[in-house]
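Colleague: Below: one structure in C-alpha cells.
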Amino acid sequence: MIFPIGDDNSDRTTVPVVNYILIAINVLVFVFLQGLGGNEQFTYAFSTVPEEIRTGQDIARPITIEVGDQRAEINLQPTPGS
C-alpha cells in the first residue's frame with residue numbers, strides 16, 4: 001500500500017468557501033455558548049461518563065462522612081444514563 005505524501009493542486013483556482021463557512025459557524029457557536037455561562041452539573045456529569053464506561057461502575061455513589069461518633073451520608077446525583 002502506498003500512502004500519498006503530497007498532491008499537486010496547482011490547477012485549483014477556487015477558494016474553499018464552504019469549508020470556511022463551516023469553520024466560521026463552528027467558531028460562532030462556540031463563542032455564543034461560552035457567553036451563556038456554564039452548566040457545571042451537566043459538565044461534571046458528562047465528564048465522568050468515560051470513566052464509568054471503562055470501569056463499569058457508577059461513580060455517583062453515597063459518600064459517608066464520620067466526625068467523632070456522628071455519621072452523615074451525602075447522596076450524589078447519578079450521571080446521565082445510569
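Colleague: Count, please, the residues in segment 54-74 that happen to be part of a strand (DSSP E or B) and basic (Lys, Arg). Give the steps one after another, and end with the answer.
Modeller: If we filter segment 54-74 for residues that are part of a strand (DSSP E or B), which is where we start, we get 63-67, 70-74.
The next check asks that each one be basic (Lys, Arg); those that pass are 71.
So the count comes out to 1.
Colleague: Looking at 49, 29, which is the one that is farther than 30 Å from residue 75 by Cα and of a type in the set (A, V, I, L, M)?
Modeller: Details: 49 fails: farther than 30 Å from residue 75 by Cα.
Among 49, 29, only 29 is farther than 30 Å from residue 75 by Cα and of a type in the set (A, V, I, L, M).
Colleague: Okay, moving on. Quick check on segment 1-53: of everything there that is of a type in the set (A, V, I, L, M) and in a loop (DSSP other than H, G, I, E, B), which residue is surrounded by the fewest Cβ atoms within 10 Å (Cβ to Cβ)? Steps first, answer last, please.
Modeller: First pass over segment 1-53, keeping only residues of a type in the set (A, V, I, L, M): 1-2, 5, 15, 17-18, 21-25, 27-29, 31, 33, 36, 45, 49, 53.
Imposing the further condition that a residue be in a loop (DSSP other than H, G, I, E, B) reduces the set to 1-2, 5, 15, 36.
Working: 1: 2, 2: 4, 5: 5, 15: 8, 36: 7.
The extreme case among them is 1.
Colleague: Only one of 55, 48 is of a type in the set (S, T, N, Q) and over 17 Å from the mean Cα position of the chain (by Cα). Can you tell me which?
Modeller: Working: 48 fails: over 17 Å from the mean Cα position of the chain (by Cα).
Among 55, 48, only 55 is of a type in the set (S, T, N, Q) and over 17 Å from the mean Cα position of the chain (by Cα).
Colleague: Same structure again: Could you say which residue among 71, 54 is modelled with pLDDT under 85 and among the basic types (Lys, Arg)?
Modeller: On the way: 71 fails: modelled with pLDDT under 85.
Result: 54 is the single residue among 71, 54 that is modelled with pLDDT under 85 and among the basic types (Lys, Arg).
Colleague: Pull up segment 32-45, narrow it to residues that are within 15 Å of the chain's Cα centre (by Cα) and free of Cβ contacts under 8 Å to residues at least 12 places away in the same chain, then point me to the one that is nearest to residue 75 (Cα to Cα).
Modeller: Filtering segment 32-45 for residues within 15 Å of the chain's Cα centre (by Cα) gives 33-34, 38-45.
Pick out the ones that are also free of Cβ contacts under 8 Å to residues at least 12 places away in the same chain and you get 33-34, 38-40, 42-44.
On the way: 33: 30, 34: 30, 38: 23, 39: 20, 40: 18, 42: 17, 43: 19, 44: 15 Å.
Only one residue tops the list, namely 44.
The values are calculated or read from the model by the stated rules, or taken from the named source; none is laboratory data. All of these numbers come straight from a predicted model, not from anything done at the bench. Note that each Cβ is placed from the backbone with ideal geometry, even for glycine, and that neighbours are counted across all protein chains shown.
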